[in-house]
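K.L.:
Attaching a single structure in structure tokens format; questions to follow.
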Amino acid sequence: MPAPPIVLLTGAAGGIGTLMRGLLPAYGYELRLFDATPIEGVSDAVTADLADTEALREAVQGVDAIVHLAGISLEAPFEKIVRANIEGLHNLYEAARAQGVRRVVYASSNHAVGFTPRPREGDPLIPVDTPRRPDTFYGLSKAFGEDLAQLYWDRHGVETVSVRIGSCFMEPTSVRMLSVWLSPGDCARLFHAALTAEDVGHTVVYGSSANTRLWWDLSTARALGYEPQDDSEQYADKLVAEQGELDPDNPDHAHLGGRFCTDPPQWPY
Ligand code: NAI
Ligand code: 15L
């Protein structure tokens, strides 16, 4: 029997990392865990910062692919974003290139295109090639990440699937999230598709479930073999009763990025 593919999971201590630690092994992967924050109860994880190029070089040695989730996941001062999400990402790709890792699944974000007006009833879904309109320094770093991934494919043959994740949490907690929710189960399905599809070069996809109120086009994700199984609509009655429908006059509801366009949540550290 062939050995299971080894996948380096960065950001393994975080929200999505914790969910994926639970779900990805069922697809046959052996996970190697990496995060600046120690993971409670896990002794063999690599606890290191993305600034530590030596730790990264060791961490990528012998892996078949990388799922890269580590980084600042909210808005922060530019200098902090540069260090974690720009320099840190470059360090990761350099390690991957030097060690011959062929495939990265990169956690991009809807905030790379966050200032795109949200579609109203009857409007077409937002395509992946819509112009980038970052809503924060955070979103800008994700736009940079997609371009870095393209460069490492064109110049070095490192393949990437950049996943513009909507909102990946156990349940949607806002009416906006009814449109952008990615269930944990669908996130694992999408990452598995991104890890196994052939000849992806650099492919950009949106990461959402098959939501009734979806705002963007999942066709590039489906082309990788992703078949979402969940729909946020089961939470709609409760959320709409609590919060009302999206208000066309509320600036928080005007763009894909929601509140990141008006009053972005801040990275607490
Ligand atoms: P999170 O904030 O819960 O986890 C991020 C992890 O990265 C943390 O455990 C943190 O310790 C680690 N980290 C941060 N800076 C680091 C550094 N310099 N070196 C090493 N580790 C570092 O974020 P979450 O929600 O799990 O998101 C994971 C990834 O997916 C992030 O890149 C985020 O930008 C992206 N994303 C998440 C979305 C979501 O709905 N949760 C939506 C869109 C994108
Ligand atoms: C993101 O990129 C954030 O990392 C996550 O915490 C959520 O805020 C998500 O976007 C969202 O748009 O809901």
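K.L.:
Among the residues of region 257-267, how many are within 12 Å of ligand 2 (Cβ to nearest atom) and assigned to a loop (DSSP other than H, G, I, E, B)? If you could, list the steps in order and put the result at the bottom.
P.N.:
Step one: list which residues in region 257-267 are within 12 Å of ligand 2 (Cβ to nearest atom), which gives 257-261, 264-267.
Those left that are additionally assigned to a loop (DSSP other than H, G, I, E, B): 257, 264-265, 267.
The qualifying residues number 4.
K.L.:
Which of the numbered conditions does ALA254 fail, given that it passes all the others? Conditions: (1) within 28 Å of THR136 (Cα to Cα); (2) within 23 Å of the chain's Cα centre (by Cα); (3) away from ligand 2 (no atom under 12 Å from the Cβ); (4) open to solvent by 30 Å² or more (accessible area, probe 1.4 Å).
P.N.:
Single failed check for ALA254: (4).
K.L.:
Which of the residues that make up region 121-153 are surrounded by fewer than 20 Cβ atoms within 10 Å (Cβ to Cβ), within 18 Å of the chain's Cα centre (by Cα) and in a loop (DSSP other than H, G, I, E, B)?
P.N.:
PRO127, VAL128, ASP129, THR130, ARG132, ARG133
K.L.:
So, one more: Based on what the data block shows, is ALA188 more than 11 Å from ligand 1 (Cβ to nearest atom), out of contact with any helix residue (DSSP H, G or I) (no Cβ under 7 Å at 6 or more places or on another chain) and touching a residue at least 40 places away in the same chain (Cβ under 8 Å)?
P.N.:
Working: more than 11 Å from ligand 1 (Cβ to nearest atom): yes; out of contact with any helix residue (DSSP H, G or I) (no Cβ under 7 Å at 6 or more places or on another chain): no; touching a residue at least 40 places away in the same chain (Cβ under 8 Å): yes.
No: the conditions fail for ALA188.
K.L.:
Also: Check ALA223 against each of (1) more than 16 Å from ligand 1 (Cβ to nearest atom); (2) over 18 Å from the mean Cα position of the chain (by Cα); (3) over 19 Å from SER73 (Cβ atoms) and name the one condition it does not meet.
P.N.:
For ALA223, the failing item is (2).
The values are calculated or read from the model by the stated rules, or taken from the named source; none is laboratory data. Being a predicted model, the structure only gives us computed values, none of them experimental. Heads up, the Cβs are rebuilt from the backbone with ideal geometry, glycines too, and the neighbour counts pull from every protein chain shown. Surface accessibility is based on the protein's heavy atoms, side chains included, excluding ligands, DNA and RNA. Shrake-Rupley method; radii C 1.70, N 1.55, O 1.52, S 1.80 Å.
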